[in-house]
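Note sheet for the following structure.
The values are calculated or read from the model by the stated rules, or taken from the named source; none is laboratory data. All of these numbers come straight from a predicted model, not from anything done at the bench. Because the Cβ atoms are built from the backbone with ideal geometry, glycine has one as well, and the counts that use them run over all protein chains shown. Keep in mind that these areas ignore ligands, DNA and RNA; they rest on the heavy atoms of the full protein, side chains included. Shrake-Rupley method; radii C 1.70, N 1.55, O 1.52, S 1.80 Å.
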Amino acid sequence: MRIIGTGSMLPQKMVTNEQLSQFVDTSDEWIRERTGIETRCVLSTESLEELATEAAKQALDDAGILPTQLDYIICSNMVNEYVIPSMASIVGGHIGSQCPAYDLNAACTGFLYAMDMAEALLQSGRAENILIISAEAPTRIVDWNDRRTCVLFGDGAAAVVVTRGNALRSIKVSSKSDKSVLYYRRSLEPTPFLIRDKNTGPLCMNGQEVFKSAVTSSLRDMQYVLKQANVNKDDVTYFVLHQANLRIIDFIKSHFGATDEQFPINVNRYGNTSSVSIPLLLDELNKNGKLRKGDLLVFSAFGAGFTSAACVIEWNKSAE
Ligand code: COA
């Protein structure tokens, strides 16, 4: 695989910590200190499919390919208004592609799971060009009266186009089942044989347990993929980590003995946008001209499941 285009779109409404403290018992100081988050974008007037469509169009433009040249669309998504059809199918219709399209849900790790699937499709010769979209609206599953969760998340969409190439040096995805630390149970229709389950939503999270798992899995995965790729951490241009919490990122950075420049962040502006955070940060780096041909990037994500994944990929957007 080789990444040849990126795009992203965020909701217009930006909410500050100060604004949150007007309806939930929290403060700007607490949120900044414990999470590094200052603002987040939340859906209000727009829909998630509109954001996903715009991100997809930008990525296709950046890649210089037409929607009709796509062989697959894979969308990482946890939740949206539609259970069916998939978000990938919906966006495929909006952009005018007719290729196979499906969603996958690996929570905040979904973008890297989608990369893993895309790599398999490209390697098997079944595909030439694949659009990967991450579109997430975590603000629609949290309890906005629960200060432990509602301050953490933001919505958005980001996309990349990948094509055949040999920029992906190594990738590892994993899952260790644990429903207890982070989950959201949706409400299903009652049937004549089953009464409605009252034990549903909003999002439940044991923050400290998730914090520990995040740090452990991310360090383990990154060390593994660096070794597999035979790459020294000092030669990594950017560690593009899932943007869940600045403290998690800082912990990993200091453990690696890495520099601030090697760990770009945007969690301060957008909060935790789930599987969107890595392609969103990548798109920012791309748009800001921060990426050079040959740069080595490490992606690392973790999320409910408990899932985690990492990869080493070379930035090689223009033809080899
Ligand atoms: N404002 C003010 N106080 C808050 C608060 C908020 N937004 N959220 C929690 N608190 C309070 C708690 O109620 C608790 O008060 P108490 O001692 O009176 O009971 C106190 O702060 C400490 O809570 P604790 O949960 O121990 O804080 P923490 O330092 O672990 O920080 C998280 C909480 C959620 C920020 C942190 O655990 C975390 O980031 N975990 C990882 C979460 C994550 O990344 N999830 C997504 C994974 S993809």
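Asp71 contributes about 50 Å² of solvent-accessible surface, heavy atoms of the protein only, 1.4 Å probe. Per residue, the average separation of C-alpha pairs within less than 8 Å and at least 6 apart gives the chain a relative contact order of 25 percent. In this structure the amide hydrogen of Gly156, modeled in the peptide plane, comes within under 5 Å of the amide hydrogens of Glu136, none closer than 5 places in sequence on its chain.
Carbon-plus-sulfur accessible fraction, the chain (probe radius 1.4 Å, protein heavy atoms only): 49%. Projecting the Cα atoms of Pro192, Asn206, Gly156 onto the charge dipole of the range 146-206, computed from C-beta unit charges around the Cα centre, puts Asn206 farthest toward the positive end. In summary, no helical segment of the chain meets the span-like criteria, namely a full DSSP H run, a Cα extent along the axis of 27 angstrom or more and a mean Kyte-Doolittle hydropathy of at least 0.0. Rounded to the nearest 5, the antiparallel percentage of DSSP beta bridges internal to the range 26-173 is 45%. Using alpha-carbon positions, what is the distance between the centroids of the range 253-320 and the range 68-87, in Å? Going from one Cα centre to the other spans 22 Å. About its Cα centre, the dipole of the chain is roughly 680 debye, where the only charges are +1 on Lys and Arg Cβ and -1 on Asp and Glu Cβ.
Taking the Cα centre of each part, how many Å lie between the range 211-233 and the range 114-131? Centre-to-centre (Cα) distance: 24 Å.
With the charge dipole of the chain set up from +1 on Lys and Arg Cβ and -1 on Asp and Glu Cβ about the Cα centre, the Cα lying farthest toward the positive end among the listed residues Ile249, Ala137, Ser44 is that of Ile249.
Note on the chain: percent of Cα-Cα distances in each 20 Å bin, starting at 0 and stopping at the bin with the largest distance, equals 34, 59, 7, 0.
Segment Asn232..Glu18, full-extension length gain: 72.9 nm, with 0.36 nm per residue of separation and the alpha-carbon distance subtracted.
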